[in-house]
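Trainee: Got a structure here, written out as C-alpha cells. Questions coming.
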Amino acid sequence: MRTLGLLGVAFLIGGARSYADPLKSAALTGFCAAPTACTADGISTLVHSSSPTFGFSFNSPKKGVKSAVGDDLLVFLLPDNEDPNPSAISFEVHSTNAGTNDSTTVTKAVSLDSSKPWHYGYLGVFLGNYGQPNQAYSLYEAGSKGKNPDVTNIDPGETGYYVYTVDLGWTTITGNGPTFTLEDFIGINGLPKGTFIVDFLHTFNAKGVNDGSIATTNTSALLTDVAPSATVPEPAAVFLLGAAILSLVRLSRNRLAG
C-alpha cells in the first residue's frame, strides 16, 4: 500500500496559452511503495528509508484526464553537509511499469548536474528547465521561521544541495506511478538523511513542441528522514573475521591446556 503526499500544483513555461489546457492545475505527488513507508506531515512527504521504493502519481482536477505523457526527469537534492565528495557519488534508478501505456523497464545512472551546490533562487532555473516558480530554495532550507521545519529537524547543518538528475525519457505517469528503486550506490551507502526527491514531467503539444511541465511542489516532494545504515568495508570485515578465528583458536588452546 502506498502513502500519498499532499497535492502539488501545475506550472507553465512561457507565455499564456490561447487554447484549452487539459493539464492545467495537474500535479505530480510523491508516494512510497512497499517495503518503504512514508508519512505526509503537511510540509513534506517523509520517507523512512535511505534506499526507498517510491514513485510520483499524476493528479488532475479535469474529469477524464487520468495520465500525462512526457519526458520524465527525476531530481535528487543531496544536502551539502552530507555529501563531502559530490563528483565521486553515483547510483542508478530502476523504473518499472511506467504507466498503463508504457510498461518499459529502464535503469539509468544519475549524474551530478553541477559542481556547485544549489543554495538560492529557483530549482527550475538552476536546472535550466525554467520549472515551477514556487520551488524556491528558501522552502528547502533549514532555518528559523519561514523556512522548512522538516529540514531543520532532520538536517539543521544543511546550507545547500548538490543536485543529481536522471532523464528517464518518454514516460506515461498515471495515478499509480511508475515506481522506482535505487541500486549500485558508489561513494554512499544510500541517500543521506535530508535528501529531497522531486519530479519534472516535460509535456509536448500536438506539434511536438515542449509547451510546459508538470512537477512536484515542496509539500509533495519526498524527503528522506533516516541516515543510511553503516556497512563494514570488505578489508575491515576480513580483518574482523580473522581476529574472531584467532580468538576461537586461543580459547580452544587454553581449554586444552587447562
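Trainee: If you go through the stretch 30-45 one residue at a time, how many are surrounded by fewer than 24 Cβ atoms within 10 Å (Cβ to Cβ) and either within 11 Å of the chain's Cα centre (by Cα) or assigned to a loop (DSSP other than H, G, I, E, B) (or both)?
Mentor: Total meeting the criteria: 8.
Trainee: Here is a follow-up. Can you tell me which residue in the stretch 146-176 is farthest from Lys193 (Cα to Cα), limited to those that are touching a Lys or Arg at 6+ places or on another chain (Cβ under 8 Å) and among the charged types (D, E, K, R)?
Mentor: Ranking the candidates gives Asp167 first.
Trainee: Right, here's the next one. What pairs come up if the first residue lies in the stretch 61-80 and is without any contact (Cβ under 8 Å) to a residue 12 or more places away in the chain, the second is surrounded by fewer than 24 Cβ atoms within 10 Å (Cβ to Cβ), and their beta carbons are under 9 Å apart, counting only those six or more places apart or on different chains?
Mentor: Final answer for the pair search is Gly64/Pro22.
Trainee: Mind checking whether some residue in the stretch 173-193 is surrounded by fewer than 20 Cβ atoms within 10 Å (Cβ to Cβ) and within 12 Å of Phe54 (Cα to Cα)?
Mentor: Yes.
Trainee: Right, another one. So which of Gly169, Gly157, Gly146 ends up being at pLDDT below 90 and farther than 25 Å from Ser67 by Cα?
Mentor: Within the list Gly169, Gly157, Gly146, the selection yields Gly146.
Trainee: Next question. Name the single residue, out of those in the stretch 121-176 being among the β-branched types (Val, Ile, Thr) and part of a strand (DSSP E or B), that is nearest to Val75 (Cα to Cα).
Mentor: Here the answer is Thr165.
The values are calculated or read from the model by the stated rules, or taken from the named source; none is laboratory data. Fair warning: this is a prediction, and the values are worked out from it, not measured in the lab. Glycine also receives a Cβ, built like all others from the backbone with ideal geometry; neighbour counts cover every protein chain displayed.
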